[in-house]
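Colleague: This is the structure I have questions about; it appears just below.
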Amino acid sequence: MKVILSPKAEKQLRKLQKISQIVLAKNIRNLRDKPKLNSGKQLKGFKNIYRIRVGDFRIVYRKTRTDIYVVALGHRKDIYQKLKKLLG
């Protein structure tokens, strides 16, 4: 599977501290390499949208047959409000 970061997700990743960037990037790579190991929980109210918990951060992504598209990532306190605005 191929993992694609949206421009919004890339921008959100660059704004984080370096250690958080490294941890999140490792988990995003694991999505590609070990998709069964990191199977996320499906978000209610959205079709084919999943999330992975990484400490206080969340990685929100959309799964297709061939690709994983990272929609957004960020701190757990505000990621879901951003997601509602983005996918609303």
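Colleague: How many of the residues in the stretch 6-17 are aliphatic (A, V, I, L, M) and either part of a helix (DSSP H, G or I) or at pLDDT 95 or above (or both)?
Modeller: The qualifying residues number 2.
Colleague: Still on this structure, please answer the following. Contact list please: Cβ distance under 8 Å, first residue in the stretch 1-26 and at negative phi, second residue part of a helix (DSSP H, G or I) and polar (S, T, N, Q), pairs at least six apart or on different chains.
Modeller: Cβ pairs passing all conditions: L13/Q21; R14/Q21.
Colleague: Identify the residue in the stretch 68-82 that is modelled with pLDDT of 90 or more and of a type in the set (K, R) and, among all such residues, is farthest from I49 (Cα to Cα).
Modeller: Top of the filtered list is K77.
Colleague: Condition first: modelled with pLDDT of 85 or more and either of a type in the set (A, V, I, L, M) or within 14 Å of V70 (Cβ to Cβ) (or both). Now tell me which residues in the stretch 32-47 satisfy that.
Modeller: L43
Colleague: Suppose we keep only residues that are of a type in the set (A, V, I, L, M) and touching a residue at least 12 places away in the same chain (Cβ under 8 Å) within the stretch 27-44. Which one would you say is nearest to I59 (Cα to Cα)?
Modeller: Applying the filter and picking the extreme gives I28.
So that you can scan it fast, the table gives a plain yes or no per residue for (1) part of a helix (DSSP H, G or I); (2) basic (K, R):
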| site | (1), (2) |
| --- | --- |
| I19 | yes, no |
| A25 | yes, no |
| R29 | yes, yes |
| S39 | no, no |
| R58 | no, yes |
| V71 | no, no |
| K82 | yes, yes |
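Colleague: Would you mind stating whether R53 is surrounded by 10 or more Cβ atoms within 10 Å (Cβ to Cβ), charged (D, E, K, R), free of Cβ contacts under 8 Å to residues at least 24 places away in the same chain and outside any helix (DSSP H, G or I)?
Modeller: On the way: surrounded by 10 or more Cβ atoms within 10 Å (Cβ to Cβ): yes; charged (D, E, K, R): yes; free of Cβ contacts under 8 Å to residues at least 24 places away in the same chain: yes; outside any helix (DSSP H, G or I): yes.
Here the answer is yes, as R53 does meet what is asked.
Colleague: For residues that are exposed (fewer than 11 other Cβ atoms within 10 Å of the Cβ) and either closer than 16 Å to S20 by Cα or free of Cβ contacts under 8 Å to residues at least 24 places away in the same chain (or both), tally how many sit in the stretch 65-83.
Modeller: Selection size over the stretch 65-83: 4.
The values are calculated or read from the model by the stated rules, or taken from the named source; none is laboratory data. What you are looking at is a predicted structure, and each value in this text was computed from that prediction instead of being measured. Glycine also receives a Cβ, built like all others from the backbone with ideal geometry; neighbour counts cover every protein chain displayed.
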